[in-house]
Amino acid sequence: MMRLRRSHLICCAASKEKMAAHLSYGRVNLNILREAARKELREFLDKCAGSKAIVWDEYLTGPFGLIAQYSLLKEHEVEKMFTLKNGRLPPADVKNIIFFVRPRLELMDIIADNITSEDRHHSSRDFHILFVPRRSMLCEQRLKEQGVLASFINIDEYILDLIPYDGDLLSMEYESAFRECYLENDQTSLYHTAKGLMTLQALYGTIPQIYGKGECARLVANMMLRMKREFAGSQNQILPVFDTLLLLDRNVDLLTPLATQLTYEGLIDEIYGISNGYVKLPPEKFAQKKQGEGSKDLPTEPKKLQLNSAEELYAEIRDKNFNAVGAALSKKAKIISAAFEERHNAKTVGEIKQFVSQLPHMQAARSSLANHTSIAELIKDITTSEAFFDNLTVEQEFMTGVDTDKVNTYIEDCIAQKDPLIKILRLVCMQSVCNNGLKHKVMDYYKREILQTYGYEHILTLNNLEKAGLLKPQTGSRNNYPTIRKTLKLWMEDANEQNPNDISYVYSGYSPLSIRLTQILARPGWRSIEEVLKMLPGPHFEERQQLPSGLHKKRQQGENRTTLVFFLGGVTYAEIAALRFLSQVEDSGMEYVIATTKLINGTTWIKSLMDRPESPTQ
Amino acid sequence: MAFITASWNPLGDAFYRSTDLYEMSWSLRDGLRDSLVAAAPYGGPIALLREPQRRSPSSRPQLEIYSASGGTVASFPWKSGPVVQLGWTVSDELLCIQEDGTVLIYDLFGSFKRHFSMGQEVVQSQVMEAKVFHSPYGTGIAIVTSSSRFTLATNIDDLKLRRLPEVPGLQGKPSCWVVLTQDRQTKVLLSNGPELFILDNTSCTVVCPPGLSPQDGNIVHMSVSFSYKYLALLTDSGHLWTALLLHPFNLEFTCLPRCRRPKSQQPSVVLMWDRLLLVVGVCNETIQYPIEDPCVLVGEMDGVRIISSSNQELLQEVPLVCQDIFKIASMAPGALLLEAHREYEKSSQKADEYLREIKEQSMLGEAVRQCVEAAGHEYDTNTQKSLMRAASFGKCFLTDFSPDQFVTTCRELRVLNAVRDSSVGLPLTHTQFKQLTLQVLIDRLVYRQFYPLAIEVCRYLKIPDYQGVSRVLKHWASCKVQQKDLTDDAIARAVCMKVGDSPGVSYSDIAAKAYECGRAELAIKLLDFEARSGEQVPLLLKMKRSQLALSKAVESGDTDLGECFTGRSQPLQTGFCKLQEQETLKDLYNQDDDHQELANYYVTASYREKRLEGRLSLLQSAVDEYNKAKNEFAVKTTEDEMRLLRFQRKLDDEKGAGLLGLSLQVTMETLLSLGLHKQAEQLYKDFRVPDKRYWWLKLKSLAEKEEWDELEKFSKSKKSPIGYLAFVEVCIKCNNKYEAKKYVSKVTPEQKVKAHLAVGDLEGAADAAIERRNEAEIGAVLSRCSASNSLVIERLNRARAAIAKK
C-alpha cells in the first residue's frame, strides 16, 4: 500500500497561522466553526489512547486539510497515515488503527478486507472507525455481514458538514449533491445540509428569517424547522449573527454555471480547476529566474498554490473581471517598487530600522505579485485566443436570446472538429435553457451529432441532462426566458468591467440570475417579481424562527444586516464574486456569507452529471 | 407555641415526639382487625385485604388501596387464591403473595400487571409466611414453606429464585425470621426456639449472640432496622436484646456502646402490644404510649408511622436542632434568635438584648442556620413560619450570608406542605424527601396522576423543562390515550393542546402507548405531531403502515432510515439500492415498470459485457424497454448503435481494422485513413451523417494524407456545404500554400479577405476589401501590413478615406 502523500497536509501546517487569520477577517468569524470542528476531532483522537495510524478515505484528505493539519494530528499521537486500499495494512508499530471514511458500502468492503487479512499477522492493534460526516446503519450492517463489526472498539461519526473555506465562504464539498437531488431522487445531501445549518445555528444563533426558492430549498427548510422542534428543549441563547438565510436551488438558475466565468478567480477555476483551495498550474512560467543558474532545469512538477483571502493581493483581484486584473497588477507593481525605493529616503537609523521591519511583508507582496502576474499571463494566452472569443460570442448570443431556436453553426462546427464533449454539452444545455427548451428537431439533431461523434454510450449522459432539466424538448408553452431576462435585467449592455456598478461585470454583461434573486430579495423584496418567481421551478417561501425573548437584535444605526445564502447543488466563483460585490456596495446595507454543497464550474458540474465520464478526446 | 415540647418524651438523653399526620379519611367497618395490611415507606400507599383466609366463593374478600392519608385509590374483590402477604415495591407496585407461591403484581390503581411463581415445589408445600424487603437493587421476596424451606428472590424485576438450604431441626415455620441484605448479599436470620441461625445460599450456620444466653428464653420476635444496621431480638422471657450489625453476615454483634452517642439518632426499639406501644432505648429507659385500636407500624428511615383505623402519627426522635431550639431554657443561638424575633414582633426592646447576646458569641450565622434547619423538620406550618421568620430576621443583621439554604428550604417546605395535604397524602419528612430526591417525588406524583400538582412543582422549583414539565406531560399524555371513553379525535386534540410543542415530549412514545392499547388510528393522529420524522418511521412500520412510514422517511431526508425498507418496492429505495446491488436495482425498476430506467440499466450493463453477442442482446433488451417507454429517439439510436457494432465486427473480421467500440465519427475517420473510402461512404449514407460533418471529416482526412488530387476531386464533387474557406484553412494547416490558393477563388465574397489573408496574399486581400468597401475588413488587412507594403497601405488608406467621405 502506498503511503499517503503528506505534502498536502504538511503544506497546510506551514500556513497554519494564515489559515486561521483568513477565516476571521469577515463580518462573521468562521473560525468559531473551524475551532468547533477541530475540538471534536481532538476529542475523538483522545478517545483512542496511545499511538495511532490513520487510514484515509482519500477523498477526505482535501476537506480535512481545511480543518486540521498534520501537526494537530501529530500532537495527538498520530504517527502514520495510509490511504485506504484493499489487502493487508502496511506495518506500523502503533496501538490504534483508525479508519477515516465516508459511509459508503464499497469502502466498508475494503475495511473488512483490511481487517480480515490483519488478524492473522497482528492481533494487538485496536481498530476504530470515524464516519464522516455521519455513521450509517447500512454500513455497520455491511461490516457485520463481513464479520468484522466486533473488531471495532470505537465507531463514531465526525459531523463535518460545512467546512469553512474562506472568510465568507462555507462549503460541504459534497460533490454529488446536485446529481443525487435531481437525478437520483436521493435527499441525503439535503439532510446533511439541514444538519449543517443546525450546527451553524448552534454556534451563531438561530437565524430568524428563512427565505427559499426551489423544491430542495423547501425540503431543507422543512427539515430544519423539524429539527428545531426536536431540539427545542436546549434553547439557543446566542445572539443571532445572521439575520436571514436564503436557500436557493441550483435548478432555479441552471444558466449561470454554464456560462464561462470571467472573473480572475473564476477563470483560474475554469481553466485549471481549484480544488479545496489549491490550484495546480503549469510550471514553466514559475521557473525561478536566478542569475547564473540559467534555465537548464525547468520544474516539471505542477506548481501548487493556495488561493484564499489571506493573500492580500489575491483578495484584492480575485473577484475582478479579468480585463481589470492587468491594470490592478501594474498598479500594485508600482506601489511595491515605490515601497522598495523608500530605502533611498531612509536616512536615519530609525527610518532604516522601520524599512527593514517592513521588508518581509514587502517581499511577500512581491512574490505574490510575481505569482499572480504569471497566472494572469497564462490566462491571457487563453482568453485572447480566437477559440475562446468565438465560444464567448456564442454564449453571449444565447444569453441575449439571439437565434436560440435553431441549430447553431458554431456548435455544429465544434462537434465536427471534435472539441471536448463537455464544451459541447455546456453550449447545447445553455441554448436549451435560454430557449426554455429546444425544438424536437433541433434537439434530436444535436443528440444524434453528439452520439455519432463521441459514442453512443453518451446516451446515458444525455438522458441525465434531460432528467435534470438542462436539456429539454420545448413544450407547448411559450419561451419565457426573454421575460425573465428582461424583468430581472439579466443582460446589461454596458457592463463596466473596470469599475463595476452592477453584478453583470462578472460575466461581462450577464448578471447571474441567482444573485439577482438575492439582490432583489434584499431590496425591494420578492413581492415585486412574483410573476417571474412563478416561472422559475419550485416553490418560493418565507419562514420565521422564533427567537427567545431577549435575543432580538437592537440594530445600530447604519449597521448592516447579514444574510447567509445557501446554494443547494453548487455555486460558481463568479457568483461568489457578485455577492461580494453586493456586500461592498455602500448603500446595500447587506453583507453576504455564502454556503454551498460544492464549489462548481460548468465543467465540473456537467461532469458530475455524466454517466461514463471520459477524458475528452482531442 | 410554648407547648411544642408538650408532646416530647425524654428517653435517655434524647427526646421522642409523636406528630399527628392525618385523621384517616377512610371509613373501615372493622378497623384493621383481621386484615392483611401493607403500607409502603416514604409515605407510600396502604393496601388492605380483609379476611384473607376466607375461602368461600360467595363472599370474596375486598382488596382496597388507599393513599397514606386514607383516601381511596382503588377497591376490588379479590378473585384469586388465598393471600399470605401483601407488600409494595420501590416503584409503588402492589405485590400479593398467594399461598400457592404465585405473586401477583398490581399497579397503584389496582390494575393487574403481571404475575410470577416462587417455584414449582411451593405449589404443593404452600407458603407459610412471606416477607417483602427492599435493597438498593430493588424489591425482593422471601418465603418459607410448610416444609420449612426458604426461597428468595432478591429482585422481582429480574427474577432469580434461590432455594436456601434446609435448617437442621426446624419443623414447621420458624418462630421468627428476618431478611438481611447488604452489599449484594441477602441472607435470612431465623430463630427456632432459643437458637439463632443464619441462612445463606449454601449453608445454614448457628450463631450465638454475645450476651444472650439460652436461659433468656426462646426468641419470639426479631426486627431489623430500616437501614439494616440494627437488630433487635425479643425473648419469651421478656428480654430485649439489641445489637449493631457490623457485618450482618458474619453476625459479628457488637453490643451497643452505652455512652457513645452518635450525633444523629440513637437506636431505639418500638414494641407494640394490643394496647400498648413501648419505645425502648439502649439506655434501658422506656416510653409508653397507650393505644386503643389495633395499629400498623411502618418503619421509616427517621421514625415510625403508626397507622390506626382513625388516625396516623409519626413517632420519631426529635431532631437535635429542634431540641436545641425548643428545649426548655435552651441557650442555643437558634433558640435565642427565635426568642429575639418573638420580642421584636411584640415591639419589645428585649429583642435587641437577645440579638446582642448571640452576636457577642458571633453565633448569628449559626443561629440562622439552626432556625432554617429546624423549620425543615417541623410539620406544623405555623412553627415552620415562625422559624423561617426568625431566620429571615436574623439574616438582616448579617452581611455575606449565603441565602441559598434559606431559599431552598422555603421552596422545599412549600412543596412538602403541598404533598402532605391529605388530598395528596404523601407524609414525607424533610429528611425522607432529601433521600427520595425531587425527581422521584415528581415521579410519584405523576404515578398517582396528580399531574397539575406535579407541573406546578416543576414550574415552582424551576426544573428545566426536559426533566420537569415535559416529563409530566408525557406521562399525562400516555395515560390520556388509555382513556377508553373518549374518541380518538378528542384525545388527540386534548393531547396536542396541552403538550403542544413542549420540548422533549416525544409524540412517537405517546403514539406507541396508544398503539399498545390497540388504538392505531389515534397513534397515527398523534404521530402527525411528532417533530422527528425519523422517530415516526419505526412505529409506523410496526403498525404495518408502510406507505405512510415511507413518506415520513422521505420527509426526514435521512437516507439511512431506508434501511427499514429493505425488500420493499419503493421509489425511495433506488437511492439505497444504488449503494447496494445493481441487480436489486434492476428488480426494482422492473417492479415499478420504470422502462426508461430499466433500458438505461441495460445500456450500462452492455458496456460491462465483453462479448459482442452479449452486448448486442443487452442492447436489444434496452431497445425493447425504450420502446415500452415510448422513447423513439433512444430506440432509433440504440438500433443504430447495434448496427454500427455489427458493421465494425464485420470489417474487423474482413480487414482487421480494429474498429469495434469506436464512435461512428472515429470509425469513418479510421476507414478514410485506411483508404476504405467506399465503406466510409456507406456509413455516411446509412447513418444519415450530416453533409457538413462528413465534408469536414473527409477534407481533413485527405489533407492529412496529402492526397491533394483526391481533395480537389472531392471539392468539385458538389457544392461544398462547409464553404471553401475551410479548404483554404485546412491546406494552410497542412503547410500547403499552393493547394490552398486553388480554393481562394471559390470562397464566398464575405470570406474572400479572410481567405486571401490566410494564404498570405495581402494584395488580393486588399483588392477584395476595397471592392467590398468594408471598413472593418480594410482595417483587418491594414493590421497585417508591415512597413514594406507601403503601396498596399496607401491604397487601403485612400479607399478608407473614400468610404468615409460618402
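The values are calculated or read from the model by the stated rules, or taken from the named source; none is laboratory data. Predicted, not measured: the structure shown is a model, and the values here were computed from it. Because the Cβ atoms are built from the backbone with ideal geometry, glycine has one as well, and the counts that use them run over all protein chains shown.
Got a number for residues in the range A:288-318 being in a loop (DSSP other than H, G, I, E, B) and modelled with pLDDT of 70 or more?
So the answer is 9.
Determine if the range B:63-72 includes at least one residue that is at pLDDT 85 or above, surrounded by fewer than 15 Cβ atoms within 10 Å (Cβ to Cβ) and in the same structural domain as B:MET301 (by the TED database).
Looking for residues that are at pLDDT 85 or above, surrounded by fewer than 15 Cβ atoms within 10 Å (Cβ to Cβ) and in the same structural domain as B:MET301 (by the TED database), one finds none in the range B:63-72, hence no.
Of these, B:ASP465, B:ASP489, which one is within 21 Å of B:LYS513 (Cβ to Cβ) and outside any helix (DSSP H, G or I)?
Every option except B:ASP465 fails the conditions.
From A:LEU143, A:LEU41, which residue is crowded, with 19+ Cβ neighbours inside 10 Å, within 14 Å of chain B (Cβ to nearest Cβ), within 33 Å of the chain's Cα centre (by Cα) and not in a loop (DSSP other than H, G, I, E, B)?
Among A:LEU143, A:LEU41, only A:LEU143 is crowded, with 19+ Cβ neighbours inside 10 Å, within 14 Å of chain B (Cβ to nearest Cβ), within 33 Å of the chain's Cα centre (by Cα) and not in a loop (DSSP other than H, G, I, E, B).
Checking B:ASP443 against (1) of a type outside the set (S, T, N, Q); (2) in a helix (DSSP H, G or I); (3) buried (at least 22 other Cβ atoms within 10 Å of the Cβ): exactly one of these is not met. Which one?
Looking at each condition in turn, B:ASP443 falls short on (3).
Filter the range B:675-685 down to residues that are of a type outside the set (Lys, Arg) and either in contact with an Asp or Glu (Cβ under 8 Å, 6 or more places away or on another chain) or loosely packed, with under 15 Cβ neighbours inside 10 Å (or both) and give me whichever is farthest from the other protein chains (Cβ to nearest Cβ).
Taking the candidates together, the pick is B:GLY675.
Before we move on, is B:LYS636 loosely packed, with under 15 Cβ neighbours inside 10 Å and either more than 9 Å from every other protein chain (Cβ to nearest Cβ) or more than 29 Å from B:ILE722 (Cα to Cα) (or both)?
The answer is no for B:LYS636.
Assess whether B:PHE133 counts as being in a strand (DSSP E or B), outside the structural domain of B:CYS517 (by the TED database) and surrounded by fewer than 17 Cβ atoms within 10 Å (Cβ to Cβ).
For B:PHE133, the condition - in a strand (DSSP E or B), outside the structural domain of B:CYS517 (by the TED database) and surrounded by fewer than 17 Cβ atoms within 10 Å (Cβ to Cβ) - is not met.
For the list (1) without any contact (Cβ under 8 Å) to a residue 24 or more places away in the chain; (2) crowded, with 17+ Cβ neighbours inside 10 Å; (3) among the hydrophobic types (A, V, I, L, M, F, W, C), I need the number of the one condition that B:VAL103 fails.
The failed condition is (1).
With respect to A:GLY525, is the statement that it is under 24 Å from the mean Cα position of the chain (by Cα) and either surrounded by fewer than 20 Cβ atoms within 10 Å (Cβ to Cβ) or in the same structural domain as A:ALA595 (by the TED database) (or both) true?
no
Out of all the residues in the range A:456-465, which are more than 27 Å from A:SER477 (Cα to Cα), within 8 Å of another protein chain (Cβ to nearest Cβ) and crowded, with 22+ Cβ neighbours inside 10 Å?
Scanning the range A:456-465 gives a single hit, A:TYR456.
Residues being under 31 Å from the mean Cα position of the chain (by Cα), surrounded by 16 or more Cβ atoms within 10 Å (Cβ to Cβ) and of a type in the set (D, E, K, R): count how many of those fall in the range B:397-435.
Residues flagged as under 31 Å from the mean Cα position of the chain (by Cα), surrounded by 16 or more Cβ atoms within 10 Å (Cβ to Cβ) and of a type in the set (D, E, K, R) within the range B:397-435 amount to 1.
Conditions tested, residue by residue: (1) within 28 Å of A:PHE44 (Cβ to Cβ); (2) over 19 Å from the mean Cα position of the chain (by Cα); (3) not in a helix (DSSP H, G or I).
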site: A:ARG179; (1), (2), (3): no, no, no
site: A:ALA194; (1), (2), (3): yes, no, no
site: A:LEU197; (1), (2), (3): yes, no, no
site: A:ALA202; (1), (2), (3): yes, yes, no
site: A:ALA217; (1), (2), (3): no, no, no
site: A:ARG226; (1), (2), (3): yes, yes, no
site: A:GLN237; (1), (2), (3): yes, yes, yes
site: A:PRO240; (1), (2), (3): no, yes, yes
site: A:ASN251; (1), (2), (3): no, no, no
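Looking for something more than 14 Å from every other protein chain (Cβ to nearest Cβ), in a helix (DSSP H, G or I) and in contact (Cβ under 8 Å) with a residue 24 or more places away in the chain - is there at least one such residue anywhere in the range A:104-111?
Looking through the range A:104-111, at least one residue is more than 14 Å from every other protein chain (Cβ to nearest Cβ), in a helix (DSSP H, G or I) and in contact (Cβ under 8 Å) with a residue 24 or more places away in the chain.
Any idea which residue in the range A:399-454 is farthest from the other protein chains (Cβ to nearest Cβ), counting only those that are under 30 Å from the mean Cα position of the chain (by Cα) and among the small types (Gly, Ala, Ser)?
Out of the qualifying residues, it is A:GLY401.
Given (1) within 14 Å of chain A (Cβ to nearest Cβ); (2) modelled with pLDDT of 80 or more, identify the lone condition not met by B:LEU453.
Checking B:LEU453 against (1) within 14 Å of chain A (Cβ to nearest Cβ); (2) modelled with pLDDT of 80 or more, the one that fails is (1).
Which residue is nearest to B:LYS636 (Cα to Cα), if the candidates are limited to the range B:686-708 and must be among the aliphatic types (A, V, I, L, M) and at the interface with another protein chain (Cβ under 9 Å from one of its Cβ atoms)?
Among them, the one singled out is B:VAL689.
Go through the residues of the range A:366-384 one by one and say whether even a single one is exposed (fewer than 15 other Cβ atoms within 10 Å of the Cβ) and within 14 Å of chain B (Cβ to nearest Cβ).
no
Assess whether B:LYS737 counts as being surrounded by fewer than 18 Cβ atoms within 10 Å (Cβ to Cβ) and within 21 Å of B:PRO721 (Cα to Cα).
Spelling it out, it is not the case that B:LYS737 is surrounded by fewer than 18 Cβ atoms within 10 Å (Cβ to Cβ) and within 21 Å of B:PRO721 (Cα to Cα).
I'd like to verify a number: residues in the range A:417-446 that are among the charged types (D, E, K, R), in a helix (DSSP H, G or I) and modelled with pLDDT under 95, how many?
Here the count works out to 2.
Looking at this structure, is A:TYR211 of a type in the set (Phe, Trp, Tyr), more than 14 Å from chain B (Cβ to nearest Cβ) and touching a residue at least 40 places away in the same chain (Cβ under 8 Å)?
Taking the combined requirement at face value, the residue satisfies it.
Could you check the range A:147-159 and list, in sequence order, the residues that are farther than 16 Å from A:HIS128 by Cβ and more than 36 Å from the chain's Cα centre (by Cα)?
Matches in the range A:147-159: A:GLY147 only.
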